[in-house]
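Contents: one structure, followed by commentary.
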Amino acid sequence: MALTVRIQKRYGDFRLDVDLSAETGRALALLGASGCGKSVTLKCIAGIDRPDRGRIELDGRVLFDSGAGIDLPPQRRRVGFLFQNYALFPHMTVERNVAVCLGRLDKRRRQARTAELLALLHLEGQAALYPRQLSGGQQQRAALARILAAEPRVLLLDEPFSALDSFLKWQLEQELREVLDRFPGPVVWVSHDRGEVFRNCPRVCVLDAGRSSPVMDMAELMSNPGTVGAARLSGCKNFAALRPGPAPGLVEVPAWGLTLQVSAPWREGLTTLGLRAHHLHPAEAGEANAFPCQIVRVTEDTSAVLAALRPDAASPGAPLLWMELPKEHWAALPDRDRLLAAVRPEDLMLLE
Amino acid sequence: MDWFPLYNSVRIAAVSTALVFFLGIFAAHWIAKAPRLVKGVLDVVLTLPLVLPPTVVGWLLLLALGPRRPLGAWVQAAFGLRLTMTWQSAIFAAVAVSFPLMYRTARGAFESFDGTLAQAGRALGLSNFYIFWRVQMPICRQGILAGTVLAFARALGEYGATSMLAGYTPGRTATVSTTVYQLWRTGQDALALRWVLVNLGISAAVLLAVNLLERKEGRSWP
């Protein structure tokens with residue numbers, strides 16, 4: 001079972017151009033900054049919004065095809081949409097919210113199925129409550145129960161945790177995972193939180209200013225994101241312009257005054273070097289790609305220390321290099337002003 | 001005391017409120033989705049009767065419905081029905097002046113309705129009819145109810161356009177408000193006062209009923 005989407009839409013100056021596919025069993029993350037078109041993409045798939053051009057197919061059923069003039073109403077698409085605010089009907093109890101989506105069943109079967117879904121989502125005790133009496137997590141589960149009642153063929157999750165306090169997220173993520181693992185269709189999970197999707201989605205499509213990157217494995221996004229936009233969304237903090245070095249396997253970074261060994265081959269179109277903060281570390285004796293730096297600024301995070309470095313050979317105005325070290329490694333440093341930093345050649349990301 | 005004016009006022013207000021209820025809701029629903037220019041123009045046109053003097057509304061209605069005007073003459077010729085000077089004529093007047101109240105309060109309620117609820121309902125396979133009547137309307141019920149009551153109260157108290165369209169014929173077209181004027185004009189102050197008290201009583205009762213109703217319903221979904 002698969003969902004394929006190839007759509008274009010214009011909003012004034014904003015252009016949405018998305019090409020993605022998702023299959024059962026391998027949740028697809030749609031990762032992008034806010035305002036990049038993620039929610040609109042989901043709404044186009046659900047039929048709530050309408051693309052200008054393109055085609056949307058679910059399990060071989062055409063949901064939308066501008067060329068053939070096909071545009072199924074949302075009611076006939078069988079797309080499960082988990083809204084950011086869950087969109088529970090506030091004037092109906094939890095039980096009623098689920099039951100109204102089971103209108104196709106007779107009364108007895110409807111009651112039985114409602115009870116079954118509420119049990120599945122651990123909401124037996126909340127059946128008679130109204131949405132506003134529920135916690136954020138319970139609201140999310142009620143919304144999921146309601147969606148499952150409609151028996152969708154695909155699940156779309158729009159920032160499922162944006163309405164929740166972060167300390168609740170961990171537990172709820174596990175619960176949502178349970179539902180997703182059992183769901184017999186593709187799942188698209190929209191988020192701007194790379195940690196959230198890294199933990200839960202094996203596949204990822206990066207949406208940058210309305211344009212989608214090819215769908216790739218999550219591991220590949222981390223090791224070889226390909227573009228600056230994707231690298232930034234994957235959490236990379238250090239970027240600088242790049243040019244080929246004097247020999248194969250070398251690149252030059254003029255801003256930092258560095259010539260670095262890389263393991264990836266040079267190719268046309270490369271413009272930028274990406275360097276993850278946690279890949280930068282105090283150099284071991286004799287390590288390649290080592291360069292002396294001044295430590296300009298230090299920020300302590302909950303579990304790590306972030307240090308801003310200026311390479312000695314850096315040109316004026318060059319961006320600082322962020323290094324992330326576990327606290328105990330930082331504590332073990334002999335000197336807090338100067339550092340010989342290094343990065344392994346295979347950790348350097350060459351980007352377009 | 002002849003109670004006909006009260007009976008007449010209530011039936012006129014009831015019929016016109018029933019009409020205005022649906023007209024106002026559908027106008028509000030449609031216009032909410034219309035393009036901006038259409039919305040702006042229609043909004044002005046539909047709200048005008050609220051700010052125009054009722055006599056101007058009455059004059060305009062007579063322009064359309066009067067017995068020597070095309071529409072009035074045609075209805076008279078085709079169906080033998082007079083559109084003016086009957087108790088039903090007052091319905092036209094009541095609808096025209098109370099419609100903007102229903103329309104504007106319904107529109108305000110619909111505008112504050114969270115559109116994602118309708119979107120969610122559609123994605124869940126619920127019909128647009130169900131979503132409108134069973135989701136949107138109950139959630140907007142306070143605004144709708146307020147609009148209905150205001151429209152009813154306005155229709156009940158309508159004087160200017162009514163007196164021009166339906167006139168004052170005791171036992172046929174007399175309403176509470178035209179009766180009060182007639183009694184005052186003919187110096188029957190004691191009787192006029194009685195009708196004034198009746199009017200005050202009805203209005204207060206209607207408003208009180210709504211307040212109680214809203215408080216009771218307000219408890220049902222927190």
Restricted to the range A:183-213 and to residues being among the charged types (D, E, K, R) and farther than 16 Å from A:Val154 by Cα, the residue most open to solvent (accessible area, probe 1.4 Å) is A:Arg211
Looking at (1) in contact with a Leu (Cβ under 6 Å, 6 or more places away or on another chain); (2) more than 24 Å from A:Gln140 (Cβ to Cβ), which one does A:Gly69 not meet, given that it meets all the others?
(1)
Count of the range A:68-99 residues which are more than 8 Å from chain B (Cβ to nearest Cβ), basic (Lys, Arg) and crowded, with 22+ Cβ neighbours inside 10 Å:
0
The lone condition B:Val75 fails out of (1) free of Cβ contacts under 8 Å to residues at least 60 places away in the same chain; (2) of a type outside the set (Gly, Ala, Ser); (3) open to solvent by 40 Å² or more (accessible area, probe 1.4 Å) is (3)
Residue under evaluation B:Leu83, criteria (1) touching a Leu at 6+ places or on another chain (Cβ under 6 Å); (2) over 25 Å from B:Gly143 (Cβ atoms); (3) aliphatic (A, V, I, L, M); (4) in a helix (DSSP H, G or I), criterion not met:
(4)
With the requirement that a residue be more than 13 Å from chain B (Cβ to nearest Cβ), within 18 Å of A:Val190 (Cβ to Cβ) and of a type in the set (A, V, I, L, M), what does the range A:128-172 give you?
A:Leu164, A:Leu172
Unique match (being at pLDDT below 90, over 29 Å from B:Met137 (Cβ atoms) and open to solvent by less than 60 Å² (accessible area, probe 1.4 Å)) among A:Leu164, A:Leu180:
A:Leu164
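Considering the range B:78-90 alone, what residues qualify as being of a type in the set (A, V, I, L, M, F, W, C) and open to solvent by less than 20 Å² (accessible area, probe 1.4 Å)? Lay out the reasoning, then the answer.
Within the range B:78-90, the subset of a type in the set (A, V, I, L, M, F, W, C) is B:78-79, B:81, B:83, B:85, B:87, B:90.
Within the range B:78-90, just B:Ala90 meets the criteria.
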All helices (runs of 4 or more DSSP H) inside the range B:103-222 with 1 or more residues being within 14 Å of another protein chain (Cβ to nearest Cβ) and surrounded by fewer than 20 Cβ atoms within 10 Å (Cβ to Cβ)
B:115-123, B:141-157, B:189-218
Exactly one of B:Val15, B:Val20 is open to solvent by less than 40 Å² (accessible area, probe 1.4 Å), modelled with pLDDT of 95 or more and out of contact with any Lys or Arg (no Cβ under 7 Å at 6 or more places or on another chain), and that one is B:Val20
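The values are calculated or read from the model by the stated rules, or taken from the named source; none is laboratory data. If you're wondering where the values come from, they're calculated on a predicted model, not measured in any experiment. Note that we place each Cβ from the backbone using ideal geometry, even for glycine, and neighbour counts take in every protein chain shown. Only protein heavy atoms, including side chains, enter the accessible area calculation; ligands, DNA and RNA are left aside. Shrake-Rupley method; radii C 1.70, N 1.55, O 1.52, S 1.80 Å.
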